[in-house]
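What follows draws every value from the coordinates through simple rules; no lab data is involved. Bear in mind the structure is a predicted one, so any value in this text is a computation, not a measurement. Here the Cβ positions follow ideal geometry from the backbone for every residue, glycine too, while neighbour counts run over all protein chains shown.
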Amino acid sequence: MKFDVWFCRCGHIHIMPAEYFDWMTGDIRNRHVYRVCQSCGAVYEQYLDNYEDGYVICGASPKGFEIEPNSDVRVMMNPGIPVPMMSGFFASYHTSANIWLYDGYNDAHVEETKKLHSTFDAKNLIKIVNKEYPEDYEDVLKSFSCYVSGINWDGTPFSYEARMSMKNVQR
Ligand SMILES: [Zn+2]
């Protein structure tokens, strides 16, 4: 994957070229990255772990800076990309179960509203990514659509069917 995709608890998506993390391969025990979400201020520590014959980028839950004396760290700050919902609001919450919710719903039709507020607007996200990453937007979206389950990409070039047909063409 060309981009590392990371989700903040505030609902913003952060992306980084995967090669940014290559410097940590020299000493995976001591080299860490602190990612700061400039949208909500949360701080996450990321590190590499061995995976098959390579590495996987791992992340810890939000916490403060706890830098060990001999560690080698880099700090990355980024506001991230807001995630548009069908409700017209942006996601303001994210859990590991890929549930995106605007946290302002409280009307009489809670179930209806909940559904709307947890429905992701893929087409609008494509527009936002296109604007933020005009050069790389296809690679960025491919990275998103591979990492995130539970999001409906139907009718976009990043749906499961579209990805499969792209593969078939390449064969
Ligand atoms: Zn955040």
| request: Starting with the highest mean, order 84-93, 47-56 by the number of other Cβ atoms within 10 Å, averaged over the residues of each peptide. | output: 84-93, 47-56
| task | Please find the FRET efficiency linking Tyr51 to Asp154, where r is the Cβ-Cβ separation and R0 is fixed at 35 Å, and quote it to the nearest 0.05. | result | 0.70
| task | Please arrange Arg35, Arg29 by counting, for each residue, the other beta carbons lying within 10 Å of its beta carbon, fewest first. | result | Arg29, Arg35
